[in-house]
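Q: Just passing along the structure, written as structure tokens.
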Amino acid sequence: MKGYGGQSMVEPLLRVLVCPPVAAGWNQAARSAQWKELGFLHAPDYWTAQKEHNALVRALAGTGAEICFLPDASAQGLDAVYAHDASLITDSGAICLRMGKPQRTDEPALQRAWYESAGIPVLGEIEAPGTAEAGDMVWLDAATLLVGRGYRTNGSGIAQLRSMLTEYGITVLAAPLPHGSGPETCLHLMSLLSILNERTVLVDLSWLAVETVELLRVRGFRLIEMDYSERLSLACNVLALGNDALLAFEDNRSTNLRLQEAGFRVLTFPGGEIGINGGGGPTCLTRPVLRGLIALQL
């Protein structure tokens, strides 16, 4: 079986790349001291974060997915645990991105080295002045990539993606993002919507642009609204595991209940330290490398 690919947010997760806190230097005093400039809510607690990440890995392993670990990323800093953002996987290979957050500049090169060591082709990379983070990228279907245009992903980055992906038959659509709390905070497109299966999207409806809502509706998606009292705990950010199974933070009980009532199986893990503190949800903590149609046993 080819070890990469899957232009989908919802097909069964077969292989996934993660970066544990210890690999991102959370146990190093010099790195932990940078929490304010990185926008964390408080100084990180390494031991709690590592326990929560271990719970994430156990949940992923329980689906049958192969778990891959980034090597030492401590030179990149605390944000390296949010492994989703630095690259995009396509059926033809990876694209290394260029981070909109200046402190994360070196992360794409680390992921590029991992892809090359794993025999995964790298199709290209985003170059200055373009910026692009994968937290802004959502596959609507195998041939359509919706990309949020905000403070982390700019017009040049979207244009470069479009140029690279057109030859593979992929259409890139831009989705405007709100100002929110400003450029210092993390507001990715995936902070505002998570595709749950081929028909359903979890949304922060009040923060999505009208044209994005209309696009989702024209494409026939059913919209489930999150519980807005759980916005700050990233309730709208959930990871689809395939076969209507989802992975979410256990903190977001009300939104998780809504998902269960809509027919989804919701697996949870604690994420207050590893995720909510740094502004990253379950999708942010995972870089899917391979999705496919092989049924997983949950």
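Q: If you go through segment 136-159 one residue at a time, how many are farther than 19 Å from Gly93 by Cβ and either touching a Pro at 6+ places or on another chain (Cβ under 6 Å) or outside any strand (DSSP E or B) (or both)?
A: So the count comes out to 11.
Q: Checking Leu241 against (1) surrounded by fewer than 18 Cβ atoms within 10 Å (Cβ to Cβ); (2) farther than 25 Å from Ser206 by Cβ; (3) not charged (D, E, K, R), which test does it fail?
A: Condition not satisfied by Leu241: (1).
Q: Within segment 250-298, restricting attention to residues that are of a type in the set (A, V, I, L, M, F, W, C) and closer than 28 Å to Ile95 by Cβ, which residue is surrounded by the fewest Cβ atoms within 10 Å (Cβ to Cβ)? Give the derivation first.
A: Step one: of segment 250-298, the residues of a type in the set (A, V, I, L, M, F, W, C) are 257, 259, 262, 264, 266-267, 269, 274, 276, 284-285, 289-290, 293-296, 298.
So of that shortlist, the ones also closer than 28 Å to Ile95 by Cβ come out as 274, 284-285, 289-290, 293-294, 296.
Working: Ile274: 30, Cys284: 28, Leu285: 28, Val289: 24, Leu290: 23, Leu293: 10, Ile294: 12, Leu296: 16.
Per the criteria, the residue is Leu293.
Q: Collect the residues in segment 5-54 that are in contact with a Pro (Cβ under 8 Å, 6 or more places away or on another chain), closer than 18 Å to Leu241 by Cβ and assigned to a loop (DSSP other than H, G, I, E, B), keeping them in residue-number order.
A: The answer is Gly6, and nothing else.
Q: Taking the criterion of being over 16 Å from the mean Cα position of the chain (by Cα) and among the hydrophobic types (A, V, I, L, M, F, W, C), would at least one residue in segment 102-111 satisfy it? I'd like the intermediate steps shown before the answer.
A: Just the residues of segment 102-111 that are over 16 Å from the mean Cα position of the chain (by Cα), to begin with: 102-103, 105-106, 109-110.
Those still in the list that are among the hydrophobic types (A, V, I, L, M, F, W, C) too: 109-110.
Yes, there is a match, as at least one residue in segment 102-111 is over 16 Å from the mean Cα position of the chain (by Cα) and among the hydrophobic types (A, V, I, L, M, F, W, C).
Q: What tally of residues in segment 112-135 results from selecting those that are part of a strand (DSSP E or B) and crowded, with 21+ Cβ neighbours inside 10 Å? Even if it seems obvious, please write down each step before you answer.
A: First, pick out the residues of segment 112-135 that are part of a strand (DSSP E or B): 122-125, 132.
Still in the list and also crowded, with 21+ Cβ neighbours inside 10 Å: 132.
Of the residues in that region, 1 qualify.
Q: Related question: Check whether at least one residue in segment 55-78 is surrounded by fewer than 23 Cβ atoms within 10 Å (Cβ to Cβ), in contact with a Lys or Arg (Cβ under 7 Å, 6 or more places away or on another chain), not in a strand (DSSP E or B) and not small (Gly, Ala, Ser), and report yes or no.
A: For segment 55-78, residues surrounded by fewer than 23 Cβ atoms within 10 Å (Cβ to Cβ), in contact with a Lys or Arg (Cβ under 7 Å, 6 or more places away or on another chain), not in a strand (DSSP E or B) and not small (Gly, Ala, Ser): absent.
A quick yes/no check of all residues on (1) under 25 Å from Gly182 (Cβ atoms); (2) touching a Pro at 6+ places or on another chain (Cβ under 6 Å); (3) not β-branched (Val, Ile, Thr):
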{"residue": "Glu211", "(1), (2), (3)": "yes, no, yes"}
{"residue": "Val218", "(1), (2), (3)": "no, no, no"}
{"residue": "Ile224", "(1), (2), (3)": "no, no, no"}
{"residue": "Ser229", "(1), (2), (3)": "yes, no, yes"}
{"residue": "Ser233", "(1), (2), (3)": "yes, no, yes"}
{"residue": "Leu247", "(1), (2), (3)": "no, yes, yes"}
{"residue": "Ser254", "(1), (2), (3)": "no, no, yes"}
{"residue": "Arg258", "(1), (2), (3)": "no, no, yes"}
{"residue": "Arg265", "(1), (2), (3)": "no, no, yes"}
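Q: Continuing with this model, one more query. Sort through Glu225, Glu214 and tell me the only one that's in contact with a helix residue (DSSP H, G or I) (Cβ under 8 Å, 6 or more places away or on another chain), surrounded by fewer than 23 Cβ atoms within 10 Å (Cβ to Cβ) and of a type outside the set (S, T, N, Q).
A: Working: Glu214 fails: in contact with a helix residue (DSSP H, G or I) (Cβ under 8 Å, 6 or more places away or on another chain).
The conditions single out Glu225.
Q: Which residues, taken from segment 160-180, are out of contact with any helix residue (DSSP H, G or I) (no Cβ under 6 Å at 6 or more places or on another chain) and either in a strand (DSSP E or B) or loosely packed, with under 13 Cβ neighbours inside 10 Å (or both)?
A: If we filter segment 160-180 for residues that are out of contact with any helix residue (DSSP H, G or I) (no Cβ under 6 Å at 6 or more places or on another chain), which is where we start, we get 160-171, 173, 176-177, 179-180.
Result: Ser163, Thr166, Glu167, Gly169, Thr171, Leu173, Pro176, His179.
Q: Do the conditions hold for Gly278, that is, is it over 24 Å from Glu11 (Cα atoms) and either of a type outside the set (Asp, Glu) or part of a loop (DSSP other than H, G, I, E, B) (or both)? Steps first, please.
A: Details: over 24 Å from Glu11 (Cα atoms): yes; either of a type outside the set (Asp, Glu) or part of a loop (DSSP other than H, G, I, E, B) (or both): yes.
Yes, satisfied.
Q: Filter segment 136-152 for residues that are acidic (Asp, Glu), crowded, with 21+ Cβ neighbours inside 10 Å and either free of Cβ contacts under 8 Å to residues at least 12 places away in the same chain or out of contact with any Gly (no Cβ under 8 Å at 6 or more places or on another chain) (or both) and give the result.
A: Looking only at segment 136-152, we keep the residues that are acidic (Asp, Glu), and these are 136, 141.
Right, trim to crowded, with 21+ Cβ neighbours inside 10 Å and you get 136.
Those that are acidic (Asp, Glu), crowded, with 21+ Cβ neighbours inside 10 Å and either free of Cβ contacts under 8 Å to residues at least 12 places away in the same chain or out of contact with any Gly (no Cβ under 8 Å at 6 or more places or on another chain) (or both): none in segment 136-152.
Q: Cβ contacts < 7 Å: first residue more than 19 Å from Met99 (Cβ to Cβ), restricted to segment 154-169; second residue of a type outside the set (A, V, I, L, M) and in a loop (DSSP other than H, G, I, E, B), any location; separation 6+ or different chain. Result?
A: Close Cβ pairs satisfying both conditions: Tyr168/Ser92.
Q: Identify all residues within segment 5-24 that are within 23 Å of Arg152 (Cα to Cα) and of a type in the set (Gly, Ala, Ser); write none if there are none.
A: Ser8, Ala24
Q: Please find, within segment 168-187, the residue that is nearest to Ala80 (Cα to Cα) out of those that are at pLDDT 95 or above and of a type outside the set (Val, Ile, Thr). Full working, then the answer.
A: At the first step, the residues of segment 168-187 found to be at pLDDT 95 or above are 168-177.
Now drop any that are not of a type outside the set (Val, Ile, Thr), which leaves 168-169, 173-177.
Working: Tyr168: 29, Gly169: 31, Leu173: 27, Ala174: 26, Ala175: 25, Pro176: 26, Leu177: 23 Å.
Looking at the filtered set, the residue picked out is Leu177.
Q: A further question on this structure: Can you name every residue in segment 193-223 that is of a type in the set (A, V, I, L, M, F, W, C), part of a loop (DSSP other than H, G, I, E, B) and within 14 Å of Trp139 (Cα to Cα)?
A: If we filter segment 193-223 for residues that are of a type in the set (A, V, I, L, M, F, W, C), which is where we start, we get 193, 195-196, 201-203, 205, 207-210, 213, 215-216, 218, 221, 223.
Among the residues that remain, those that are also part of a loop (DSSP other than H, G, I, E, B) are: 208-209, 221.
Residue satisfying the conditions is Phe221 alone.
The values are calculated or read from the model by the stated rules, or taken from the named source; none is laboratory data. This is a predicted model, so every value here is computed, not measured. Virtual Cβ from ideal backbone geometry, glycine too; neighbours counted across all protein chains shown.
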